[in-house]
Amino acid sequence: MMLVSAPAWAAEARPADTGDTAFMLLSTVLVLLMTVPGLALFYGGMVRKKNILAIMAQSFVLCALITVVWVVAGYSLAFGNGGAFIGDFSRLMLWGMEIGFDRAFTLGAGTGAEVALTIPEPVFMLYQMTFAIITPAVVTGAFADRMKFSAMLLLMTLWSLVVYAPIAHWAWAPLGWLNQMGMADFAGGTVVEVNSGVAGLVCALVLGRRLGYGHDNMAPYNLAYAVVGASLLWVGWLGFNGGSALASGGRAGMAIVATQVAAAGATLSWTLVEWIRHRRPTVLGAISGAVAGLVAITPAAGFVLPGAALLIGLAAGVVCFWAVTVAKVKLGYDDSLDAFGVHGVGGMLGMLATGVLAFGALSATEAAPEGVYQGGLALLGVQALGVLAAAGWSAAGTYGLLKLTDFVVGLRVSQEEERQGLDEALHGESLG
């Protein structure tokens, strides 16, 4: 395959802003912290003792796997100029990135939709890598306790290229068709949340329920792990959303404020609803509420005021509680750790809320002094289209890749292995 020449977005004469670069490096570390150790502990604490190491291994190994996939082709497909639906091959193996590696670069240079950034391309690439890492790691929660390790590796390699990269291009690349339509997705409501949630639901449906689901005791073994994991997710999410401003400054500050407020609101609303419904507030409910609020504010963080962020958080706690305790039970699917109920539903809620509550001045530019994104029917319609497009591509792509993976290596462990537990059956290890 012939590589195309390095695009103009590789090298710039402008010096990089050291403050913005330092902020983005810190944000990158915070987002990576969300997967390892954050999500590994969060998920590890919510499964049964016999599967703790297996689910933690998935997050840890995916961190390594997706790093390689992103370097080889993922970044190029997601952020190469390309066209409306996919990038190009200009950055395979990060080819050409050494040109102007210490200079500010312009994303989409030469396309007519340029975005001049103040940070070097390697920093932007690395920050986006952390998003590519955590998204498939979230999906693993839906099929916890029953997928082969080999199947997970093959599925997520293909999924990152076929599902994640195109949706990232649609939403965030300058020529992406949803970006061109004016969709507002600050930090990944479609790319990360709707995408991972819907993919998780499809995985849960295709693999079927865990053995004993509905009558065996499947309570979390170690909620202390889960609390530490949720705490790391909360802290890391400040970099997830704040860093999506791609520069230090007022907008990043407002995004971090919105994130903190929404997480707090959802923690309290989930706890209150659970208290009323079940007559006691649980630790699991509180940490689930926090994550629901963080998910819902993700697309909105850089576009809404703190009051609106609080409303989004309060709504997320109630809506996601209903999704995981009522809707899932009535529909009968086994989304083990509620990837769809929290990430899918919360992401959809956040995307639609952004369409209503976006405050124009927060996205003001010299070309659009009153703001690029203003809540109203027009923006709400674009947001709804973005949700449908991301959900549809994620569902179709995930289903097809599951079938391919099943044909190549098989998807599900044997009943004997599932009863034994994946720690010993797949990894030959246990917590004792």
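Can you find even one residue in the range 366-381 that is touching a helix residue (DSSP H, G or I) at 6+ places or on another chain (Cβ under 6 Å), modelled with pLDDT of 95 or more and part of a helix (DSSP H, G or I)? Yes - at least one qualifying residue is present in the range 366-381.
The single residue among Val329, Val342, Val324, Val319 that is surrounded by 24 or more Cβ atoms within 10 Å (Cβ to Cβ) and among the β-branched types (Val, Ile, Thr) turns out to be Val342.
If the condition is being farther than 26 Å from Val324 by Cα and surrounded by 24 or more Cβ atoms within 10 Å (Cβ to Cβ), then the range 179-205 contributes Met183, Ala184.
Matching residues to (1) touching a helix residue (DSSP H, G or I) at 6+ places or on another chain (Cβ under 9 Å); (2) farther than 30 Å from Ala184 by Cβ; (3) assigned to a loop (DSSP other than H, G, I, E, B):
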residue	(1), (2), (3)
Cys203	yes, no, no
Arg209	no, yes, yes
Gly212	yes, yes, yes
Leu232	yes, no, no
Val235	yes, no, no
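Please specify each residue of the range 263-301 satisfying the condition of being charged (D, E, K, R) and part of a helix (DSSP H, G or I). Matches in the range 263-301: Glu274, Arg277. Taken over the range 238-281, residues that are within 20 Å of the chain's Cα centre (by Cα) and under 16 Å from Ala316 (Cα atoms) amount to 9. Candidates are the residues of the range 206-216 that are out of contact with any Asp or Glu (no Cβ under 7 Å at 6 or more places or on another chain) and touching a residue at least 24 places away in the same chain (Cβ under 8 Å); the one that is surrounded by the fewest Cβ atoms within 10 Å (Cβ to Cβ) is Gly208.
Out of Ala323, Ala396, Ala425, which single residue is closer than 28 Å to Met181 by Cα and either of a type in the set (A, V, I, L, M, F, W, C) or without any contact (Cβ under 8 Å) to a residue 60 or more places away in the chain (or both)? Checking each option against the conditions leaves just Ala396.
The values are calculated or read from the model by the stated rules, or taken from the named source; none is laboratory data. Computed from a prediction, not measured in an experiment: that's the story for all the values here. All Cβ positions, even for glycine, are placed from backbone atoms using ideal geometry, and neighbour counts span all protein chains on display.
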